[in-house]
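A short write-up of the structure that comes next.
The values are calculated or read from the model by the stated rules, or taken from the named source; none is laboratory data. Only a predicted model underlies this, so the values are computations on that prediction, with no experimental measurement involved. Methodologically, a virtual Cβ is constructed for each residue, glycine included, from the backbone with ideal geometry; neighbour enumeration extends over all protein chains shown.
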């Protein structure tokens, strides 16, 4: 019996020694959740921006665009425990019955496979997401949130109607397929007439006194976004029944009414600008044929292309070690891989002849801002309940 007790005690001690520790420690669990959330965020972002870049390239080649919805990524790890125990007989001496010697083991296996769904939009959601014009109050929010206004006007505005002090009405249409060479003075097209008028309007706004909106004076039909050094005080007027309130800007003695594009029109517009640029592509990069203010450049400069797409070879020259991590979007299209939206981290008071403050396409690329704007509009348009003021503020 003493031997039996000794063996039983040894078995108990062996079992305690092989018992597993706590499967999930607090620190390990916190790190795992944090890493998973960051990885899924990165995967979702790349899926959305890759889809946008793909449709821009299709637009460049005048192919149909297709928009898919991507549900949230879910990860529910399954934990499988494996336990085993066994008893082998050992002799207890002459005349005694054999007694068992125990063994004990336990193991844990974690099975994890993220789940998600990619599917076409339904007809009603597709119409609301891609084909309906941008809502005026969405445009007004971005206009007042510090986004580059030249970028907003070129991308989102399809038509400007200007009413001057004499009451004369002038229409300017933003046609991408007739925009060449950044609309220099030698280029005389309808699209360049829009670009020149938009730049004149933005220059007048930038030089204007602080806004004055209320007070006695003329009432502007619904949609007033801002008044900049108005000739007289203005205030918004309520909309008429079933009237669409298009954004309006009062600048000096002129009133500008802005006709807004749909998201699909924005994508197609960028593709048209790239088609013009592809005729003179150099170094494996295709740039839109109209310029905006360079990222982070606050004083002067000639500007940089509104959007820029790089071949894989060109992307590796700009980011030799990790082009996929350096660019916002990448996609395989027509047997080639393309990149857009490099990370730009700089803030410059004025352009310089060398260094990061050079006013050139590579150092001031605005493509990441364009991709960000389209991605946000796509998310906002999918559900009426989701349309609320975006929280991002981009400082010029």
ask   = Is it true that some residue in region 307-324 is closer than 27 Å to residue 204 by Cα and outside any loop (DSSP other than H, G, I, E, B)?
value = no
ask   = Is one or more of the residues making up region 189-212 over 30 Å from the mean Cα position of the chain (by Cα), more than 26 Å from residue 303 (Cα to Cα), in a loop (DSSP other than H, G, I, E, B) and modelled with pLDDT under 85?
value = yes
ask   = Do we have residue 307 as over 25 Å from residue 197 (Cβ atoms) and crowded, with 24+ Cβ neighbours inside 10 Å here?
value = no
remark   = Considering region 234-263, residues that are exposed (fewer than 14 other Cβ atoms within 10 Å of the Cβ) and farther than 21 Å from residue 200 by Cα, and then whichever is nearest to the chain's Cα centre (by Cα), we arrive at 244
inquiry  = Kindly evaluate residue 280 against the criterion of being farther than 28 Å from residue 364 by Cα, free of Cβ contacts under 8 Å to residues at least 40 places away in the same chain and either surrounded by fewer than 18 Cβ atoms within 10 Å (Cβ to Cβ) or under 27 Å from the mean Cα position of the chain (by Cα) (or both).
reply    = no
task = Go through region 174-184 and count every residue that is surrounded by fewer than 19 Cβ atoms within 10 Å (Cβ to Cβ) and under 27 Å from the mean Cα position of the chain (by Cα).
result = 3
ask   = Within region 362-377, can you find the residues that are touching a strand residue (DSSP E or B) at 6+ places or on another chain (Cβ under 9 Å) and either assigned to a helix (DSSP H, G or I) or crowded, with 20+ Cβ neighbours inside 10 Å (or both)?
value = 363, 364, 365, 366, 367, 368, 369, 370, 371, 372
